[in-house]
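A.B. asks: Please see the structure below; I have some questions.
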Amino acid sequence: MRKTIATLSAALALSAAALASVAPARADSAGPAIAAGIGGFALGAITGGALANSAPPVVYAPAPVYVAPPPVCWVERRPIFDEYGVVIGSRPRRICE
C-alpha cells in the first residue's frame, strides 16, 4: 500500500511539473515560483514519509550449534610385564574416557 502511495505521489509530482511549465515565464512575479517550491516540498515530504515508514528488513540469527565437551583425560602409571608375566617397571600412559 505504501509503495502504491509513493508511486502515485511521484506520478502526481511529474504531471504537475509538466502542466506548470505550460504557462509562459514572467520575471516580474515570484508567486508561481514560491508556490512551486511549497508544492515540491509538500510532495517530497509525503513521498519521503511513505518510504521512511517501511518495515525493517528481516534478520535471521544463525542456528544454535551444540559443542561437545572435550574428553576427560589423565595420566596413569601402567605396569610393564616381561615375557614371563613379571612386572619389570611402569610407564606413564594417557587415559581418556
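Every read-out reported here was derived from the displayed coordinates using simple, explicitly stated rules and does not represent laboratory data. Not measured: the values here are computed from a predicted model. All Cβ positions, even for glycine, are placed from backbone atoms using ideal geometry, and neighbour counts span all protein chains on display.
A.B. asks: What is the spin-label model distance, in nm, from E97 to A45 if the labels are put 7 Å beyond Cα along the C-beta direction?
C.D. replies: 7.1
A.B. asks: What list do you get for I88, I46 if you sort them by fewest beta carbons within 10 Å?
C.D. replies: Ascending Cβ contact count within 10 Å gives the list I88, I46.
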